[in-house]
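Step one of this worksheet: look at the structure below.
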Amino acid sequence: MATYVMSDIHGEYNKFMAMLGLINFTDDDTLYLLGDILDRGPEPIKILKDLSFRSNTFCLLGNHELMAIDVLTDLLVEIKEENCETHIDTSIINKLIDYQSNDGDITLAQFKNLPYEERFELLDFLKEFELYDVVDVGDKTFVLSHTGNINPDKTLSEHSIEELAFLRADYDKQVFTDEPNVFIICGHTPTLAITGKPEIYRKNNFINIDCGAAFGGKLGCLRLDDFKEFYI
């Protein structure tokens with residue numbers, strides 16, 4: 001029975017499944033995914049469908065999930081005579097263009113190929129994702145979010161979507177100065193961009209596990225019980 005975290009899988013279904021095999025993930029284990037399951041890679045919808053059937057995986061919102069929810073919700077509105085002139089407006093078109101410019105094309109194409117009812121089911125599943133979670137493992141506490149952009153002067157529930165899903169953390173700042181056993185686990189910024197290496201990055205009480213799986217790097221996974229690192 002172990003607890004694992006991954007982040008920024010970005011549609012890399014084969015890497016994800018290989019990682020589950022590498023860690024020998026079982027029904028007795030728990031996995032937290034810290035956002036950006038979708039977009040960029042070849043099979044985002046396949047990952048999403050897989051996760052929707054698992055009871056021991058818990059997904060958090062990344063900026064790509066939030067963009068997808070916004071766009072896919074608009075696209076699922078049935079166009080009728082009474083709304084045909086008002087629903088598709090400039091704001092919806094701009095959101096679609098922005099999402100496509102952030103590598104949402106593959107997600108959109110695969111989503112549109114799903115049976116109609118399955119589209120609603122997967123969108124409802126996406127809307128269940130939380131912005132953050134707090135997990136205790138042994139004598140350590142882990143604050144989980146996509147960005148890790150935690151303000152110590154706020155409670156977690158007071159943080160905005162922008163802070164926890166879009167803005168980048170400052171790893172030079174020690175957040176929990178009086179709590180050495182509290183760690184912030186996040187993704188969002190590929191560690192390749194920080195150190196040039198596709199490896200889990202640690203500084204102060206931050207642990208960034210986005211190793212650039214969709215950018216020529218690796219998919220990283222951290223076991224919280226003993227800090228063991230795994231890579232595909």
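Please build a GNM for the chain, connecting alpha carbons under 10 Å apart, and tell me which residue among Gly41, Gly212, Gly196 fluctuates the most.
In the Gaussian network model the winner is Gly196.
Semi-axes of the chain's equivalent ellipsoid from the Cα gyration tensor, sqrt of 5 times each eigenvalue, largest first, rounded to whole Å?
Its equivalent ellipsoid spans semi-axes of 31, 20, 16 Å.
Give the relative contact order (percent, whole number) for segment 2-82; include only Cα pairs under 8 Å separated by 6+ residues.
Relative contact order for segment 2-82 comes out at 33 percent.
Quick one: grab the alpha carbon gyration tensor of segment 162-208, order the square roots of its eigenvalues as a ≥ b ≥ c, and give me rounded if a/c is under 1.5, else prolate or oblate depending on whether a/b is larger than b/c.
oblate
Given Cα pairs under 8 Å that are at least 6 residues apart, what percent is the relative contact order of segment 14-134? Could the numbers behind the result be given before it?
Numbers: 104 pairs, mean separation 41.5, N = 121.
With pairs under 8 Å counted, the relative contact order is 34 percent.
I'd like to know how segment 1-131 sits against the 2.2 N^0.38 Å rule of thumb: what's its Cα Rg over that expected value?
In units of the 2.2 N^0.38 Å rule of thumb, it is 1.13.
Positive end of the dipole of segment 54-178, charges at C-beta (+1 Lys, Arg; -1 Asp, Glu), about the Cα centre: which of Asn56, Ile92, Leu72 has its Cα farthest in that direction?
Asn56
Might you report the magnitude of the Cβ-based charge dipole of the chain about its Cα centre, with Lys and Arg at +1 and Asp and Glu at -1, to the nearest 20 debye?
880
Using Cβ counts within 10 Å as a stand-in for footprinting exposure, how do Thr30, Thr107 rank, fewest first?
Thr30, Thr107
Give Lys112/Lys203; Lys49/Lys228; Lys95/Lys173; Lys49/Lys154; Lys154/Lys203 a once-over and call out the pairs whose C-alpha atoms are over 30 Å from each other.
Violating the 30 Å limit, Cα to Cα: Lys112/Lys203; Lys95/Lys173; Lys49/Lys154.
Treating the angle as unsigned and between 0 and 90°, give the value, to the nearest 10°, between the Cα long axis of helix 116-127 and the longest Cα principal axis of the chain.
Between the helix axis and the principal axis of the chain, the angle is about 40 degrees.
What is the distance in Å between the Cα centres of segment 130-151 and segment 187-204?
Going from one Cα centre to the other spans 18 Å.
With unit charges on the beta carbons (Lys and Arg positive, Asp and Glu negative) and the dipole taken about the Cα centre of the chain, which residue among Leu108, Leu31, Thr155 sits farthest to the positive side?
Leu31
Can you list the equivalent-ellipsoid semi-axes of segment 135-232, largest first and in whole Å, using the square root of 5 times each Cα gyration tensor eigenvalue?
Taking √(5λ) for each Cα gyration eigenvalue gives 21, 17, 11 Å.
Among Glu162, Glu199, Glu65, which one moves the most in a GNM of the chain with springs linking Cα atoms closer than 10 Å?
Sorting by GNM fluctuation, first place goes to Glu162.
Can you sort Asp36, Asp225 from fewest to most other Cβ atoms within 10 Å of each residue's own Cβ?
Lowest to highest Cβ neighbour count: Asp225, Asp36.
FYI, it's all coordinate maths here, none of it is from the lab. Keep in mind it's a predicted model, so treat the numbers as computed, not measured. For neighbour counting, all protein chains shown are included, and Cβ atoms are generated from backbone atoms with ideal geometry for every residue, glycine included.
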